[in-house]
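Here's the structure, in C-alpha cells; my notes come after.
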Amino acid sequence: MNQKSLKTLEFTKIQQLLADKAISQAGKALARELTPSSDIHTVTRSLQATSEASSIIVKRGSLPLGGIKDISASLVRVQLAGALSIEELIGVADFCYVTRKVTSYFKGDARESAYEAFPVTANLFGALIEANDLESAINRCLAPPNLVNDNASPQLAAIRRQIKSAGDKIRESLNKIIHSGDYKNMLQDNVITLRNDRYVVPIKHEHRGNFPGMIHDQSASGSTLFIEPASVVQMNNKIKELLADEKIEINKILLELSAQVSGKADILTANLEALTELDFIFAKGELSLDMRASEPVFNTHGEIDIKKGRHPLLDKGKVVPIDIYLGKDFTTLLITGPNTGGKTVALKTLGLFTLMGQAGLHIPAFDNSSLAIFDNVFADIGDEQSIEQSLSTFSSHMTNIVKILEEVTDNSLVLMDELGAGTDPTEGAALAIAIIDTLTRRKIRTAITTHYSELKVFALQEPCVCNASCEFDVETLRPTYKLLIGIPGKSNAFAISQKLGLPQEIISAAKERISSEDIKFEDVLTDLEISRKTMEIEKERAESYRLEAERIRKDAEAQKAKLAASREKQIKAAQEEARAVVAAAKSEADALMKELRKSLANATQSSQAESEAARQKVGDLLRMHDEKLSAGRTPVKPKEPPKSLRKGDSVFIHTISQNGIVSELPDSNGDVLVSAGIMKIKVHISDLSLNEEPSHKTSKPSGALINISVKSTKSLSVSPEINLLGCTVDEAVEKADKYLDDVYLSGLNQARLVHGKGTGALRNGLHSYLRNHPLVKSFRLGGQGEGDAGVTIVEFKK
C-alpha cells in the first residue's frame, strides 16, 4: 500500500488510536504496525475477528489483560539456561495469572454455540494453556516487589531462623552495654543500629579510645562514631556467614524456579502469542465501539456505498454524516463547492474508510455500508509546495500526479484535491479534463475536487463521470457539509460578496463580464438546487408522516400487550405479596430460633423434650404455611378484629392457622399475648378471631416460654452443607451460626461445614465455636469420601 497515501489520509493517526486501546506492549506494537491488505479473504477474516471482539465486549466487558507483563526476554534467557531475577519471575507469575483470568473470561461462552458464533476468537481462547502449578510455585517462593519467602525452602527457613536468633543475642548483649553505667556517658544515643550488616552502637567521638571495639562508620559531623563492641564481633561474623549462606540459597531457589519456567517455555511462548493477538483484536473491538462503527461489506467489483459516514478524526458532536458512493453507475466522482465546504473531508473520508476496512477495522458509518478491495490507494491532497526543491503548489501537485499515473492500476482508488489548481485557469481546466478522461477510460475508481466550471460541464457530458457538490447556505454564509451526489455545485461568489457588503454596482459590473452561456449554466444549477430542496422537504414530510403512523401502530400494540398482561399481573399480585411476607419473616424466625436455643441451654431434661416438641411443631406449622405461600394462597384474615377480648378466650390465629388462649389483653399497639401449645406468642388483634366455644381446658405450657411476634413464615428449604472456604474465622462463625439455626429448624439431624484443610486456623476456630453451641450434640471431621479433614460433620441434639 502506498505509504505516502497512508500519511496523507491520516491512517497513522488511526493506528495510534488503536494502539491506545491495546493493553500489552506487544499488542500496541501490532497496532502501530497495522497495514491494509488487498486480499479479500484476509480482510474478511480480520473484520470478522473485530466484530466478534466488539460483541463479546458488549456481553462480557473488556478483555481482562490488566497486569500483563512482556516476558519474551525472560523466555529467551531461560531457554539459554540463564537464571531469572526475582522481578522477572514475579512477572512470569503475573503473566500466568492473566492467562488464567482470560481463560475464565471466555469460559462463560465456552459452549458449542459460542464457538460457532465466535470462531476466530474462540480458537485463540482455546489455544491458551494454564500453568497454574508454575504460578503457585513462584507465588509460594516469592512476593512483590523483590522478596523471597521464608518457606521457599526448608534450608532458607532454617538459615533465617539462625539469623534471627543470632541477631536477638547480639541485641541482648548490646542492650546490656547501652544500659550499663560504665558506658552511659560514652553513648551518643541509647540505640542499636546496623552498619555494613553489623550491629553497632553510637559512641561520642571523644571516647573513641575508651570504648573497646571496631569503628565501622561516623556521622556527617564526625561527632558520632559507630563502633562494633568487641564482645559481639564473633556473633556479627556469624551473621555475616549466615547472610552469605542465605544469598547462596536464594540463588539456588531462583535457579530452580527458572528451570521450571524453562520447562514450560513453549507453553508460555504460545500463550504470549495468543494473548498478544487477542489484545490486538479486542483493541479493534474497543475502537469500533468507541467510534460507534460497523462492519463494512466488501466486494471485488469496485463498488463503494458509504451510508452516513463520519470522519473518525473529527469532533463526534460536530461532524456531519455524509452519503458517498461510486463504482456502480459511474467510476469518477467530481465534487465541487466553496472553500471550507467539506470537499476535502469527503475525499479523505472515502480514502480513510477504504484503508480502515482493508486493515480489518470497522468504519463509523451505518450498517451494510459497502467498500471495494483495491490493490492500492493514491491520494494527492493538500498544499505541498517545497521551498527547498523550488517547487510551486502546481509543480508539487503535478509531480505527485505524474507518479500516480505511472503506478496506478485498473484496480486502484485515486483521490485528487483541487485538480489543476495553482496555474492559469484555462490551462489548468484543460489539463484536469485530460487527466480525468484518462482515468475514466481505464475505469479506475476516482474522486476529484475542483472549482472549475469546465469540469462540471465535462461531467454532465460523460456517462461515467458524476457531479457532486457540498451544500452551502447563502443566507448564513455557512457550509452545511452535506454531500449532494448528482448535482454540480453552484458558484456563490456574487451572493456571498453581496451578503458581505460589496457595492451592488461592482457586482453588476462583474456579472456583465460573464458570458450568457455561463449565466444560463448557473441558472440551471440554481433551478436544480431549488428543485432538490423542494424534494427534500417533501421527503422529510413524508418520512415524518410515516414515523407518526409507525408510532401510533407501536402504541396500539403496546396498549394491547399491556391489557393482555393486566389479568396475569392481577393473578400474580397475591403471590408476590406472599413472597414479600416470606422475606420479612426471616428475621422473626431467626429471633424465634435464638429463643429456642436459650431455652435448650437453660432447661431441664424434661423441659428440653418439651422444647424439642415445640421446635417440631413450629417447623410443621412453618412448612405448612410455606406450602400455602408456594401455591399462591394467603391465610384468610378475619373480616374484623374481635371487639372485646377476655383472658382465657379461645381464639384462632390466622397468621399460623392455629388455635390459642388469650393470656394478656391487647396493649397500646394492639398486640395480644396468646398461648399456642407450649409457646406464648404476640399476635396483632387484627390476626385473631373468637372461637365459638372457649377452650379453657387447654393445659398451660411448661418449660421454656418464648415471647415472639409471628407475622409470617420462614422457608425450610435448607442445603445440607455450607461452603466457608475463603472466609475469616469471624465471617465463618457468623455464617455458620445462621446456617445451623436454619438446618435445626428444618428438622435435619446433621449438617456439613466445608472449611478446607489449609493452615487449620479456620477449622480450629469453627470447632471452638461448636463446642459451646447449645444445639450441637457432637461434631467430627469428615471421613473418607466425606471430604476428610476439609469438612466437619455436625450432629444436632434430639
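Okay, here's what the table says:
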read-out	value
Of all residues in the stretch 172-202 being in a helix (DSSP H, G or I) and in contact with a Phe, Trp or Tyr (Cβ under 7 Å, 6 or more places away or on another chain), the one that is nearest to Ile138 (Cα to Cα)	Leu174
Given (1) in contact with a Pro (Cβ under 6 Å, 6 or more places away or on another chain); (2) outside any helix (DSSP H, G or I), number of the condition Ile129 does not satisfy	(1)
Subset of the stretch 339-374 [open to solvent by 10 Å² or more (accessible area, probe 1.4 Å), among the small types (Gly, Ala, Ser) and assigned to a loop (DSSP other than H, G, I, E, B)]	Gly342
Some residue of the stretch 425-437 being of a type in the set (D, E, K, R), modelled with pLDDT of 85 or more and over 30 Å from Ile373 (Cβ atoms)	yes
Residue count for the stretch 438-457, restricted to those that are open to solvent by less than 10 Å² (accessible area, probe 1.4 Å), hydrophobic (A, V, I, L, M, F, W, C) and farther than 11 Å from Gly420 by Cα	3
Scan of the stretch 180-225 for residues that are open to solvent by less than 40 Å² (accessible area, probe 1.4 Å) and either of a type in the set (Gly, Ala, Ser) or more than 22 Å from Lys164 (Cβ to Cβ) (or both), ordered by number	Ser180, Met186, Leu187, Pro202, Ile203, Phe211, Ser219, Gly222, Thr224, Leu225
Single condition Ala131 does not satisfy, out of (1) of a type in the set (A, V, I, L, M, F, W, C); (2) open to solvent by less than 10 Å² (accessible area, probe 1.4 Å); (3) over 30 Å from Ile57 (Cβ atoms)	(3)
In the stretch 398-416, the residues that are of a type outside the set (D, E, K, R) and either open to solvent by 70 Å² or more (accessible area, probe 1.4 Å) or assigned to a helix (DSSP H, G or I) (or both)	Met398, Thr399, Asn400, Ile401, Val402, Ile404, Leu405
Selection from the stretch 245-273 of residues that are open to solvent by 30 Å² or more (accessible area, probe 1.4 Å), closer than 18 Å to Thr99 by Cβ and touching a helix residue (DSSP H, G or I) at 6+ places or on another chain (Cβ under 7 Å)	Gln260, Ser262, Lys264, Thr269
Among the candidates Ala430, Ala447, residue that is closer than 15 Å to Met398 by Cβ and either of a type outside the set (Ser, Thr, Tyr) or under 52 Å from the mean Cα position of the chain (by Cα) (or both)	Ala430
The stretch 226-258: number of residues that are within 28 Å of Lys176 (Cα to Cα) and in contact (Cβ under 8 Å) with a residue 40 or more places away in the chain	10
Answer residue from the stretch 641-676, given it is hydrophobic (A, V, I, L, M, F, W, C) and over 11 Å from Leu690 (Cβ atoms) and is modelled with the lowest pLDDT among those	Ile656
Residues located in the stretch 456-487, provided they are modelled with pLDDT of 75 or more and part of a loop (DSSP other than H, G, I, E, B)	Glu462, Pro463, Cys464, Gly486, Ile487
Hits in the stretch 135-156 - residues which are surrounded by fewer than 17 Cβ atoms within 10 Å (Cβ to Cβ) and part of a helix (DSSP H, G or I)	Ser136, Arg140, Asp150, Asn151, Pro154, Gln155
Filter pass, Glu228 being in contact with a helix residue (DSSP H, G or I) (Cβ under 9 Å, 6 or more places away or on another chain), open to solvent by 70 Å² or more (accessible area, probe 1.4 Å) and of a type in the set (Asp, Glu)	no
Tally of residues being among the hydroxyl-bearing types (Ser, Thr, Tyr) and more than 21 Å from Glu206 (Cβ to Cβ) across the stretch 164-193	2
Test result for Ile159, farther than 29 Å from Ser85 by Cβ and part of a helix (DSSP H, G or I)	no
Any hit, the stretch 728-751, residues being assigned to a loop (DSSP other than H, G, I, E, B), within 41 Å of the chain's Cα centre (by Cα), over 30 Å from His654 (Cα atoms) and free of Cβ contacts under 8 Å to residues at least 40 places away in the same chain	yes
Residue, most open to solvent (accessible area, probe 1.4 Å), within the stretch 417-431, restricted to residues that are in a helix (DSSP H, G or I) and within 16 Å of Asn400 (Cα to Cα)	Leu431
Residue in the stretch 214-234 that is under 49 Å from the mean Cα position of the chain (by Cα) and aliphatic (A, V, I, L, M) present	no
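The values are calculated or read from the model by the stated rules, or taken from the named source; none is laboratory data. All values derive from a computational prediction rather than experimental measurement. Heads up, the Cβs are rebuilt from the backbone with ideal geometry, glycines too, and the neighbour counts pull from every protein chain shown. To get the accessible areas, we keep the full protein, side chains included, count just its heavy atoms, and leave off ligands, DNA and RNA. Shrake-Rupley method; radii C 1.70, N 1.55, O 1.52, S 1.80 Å.
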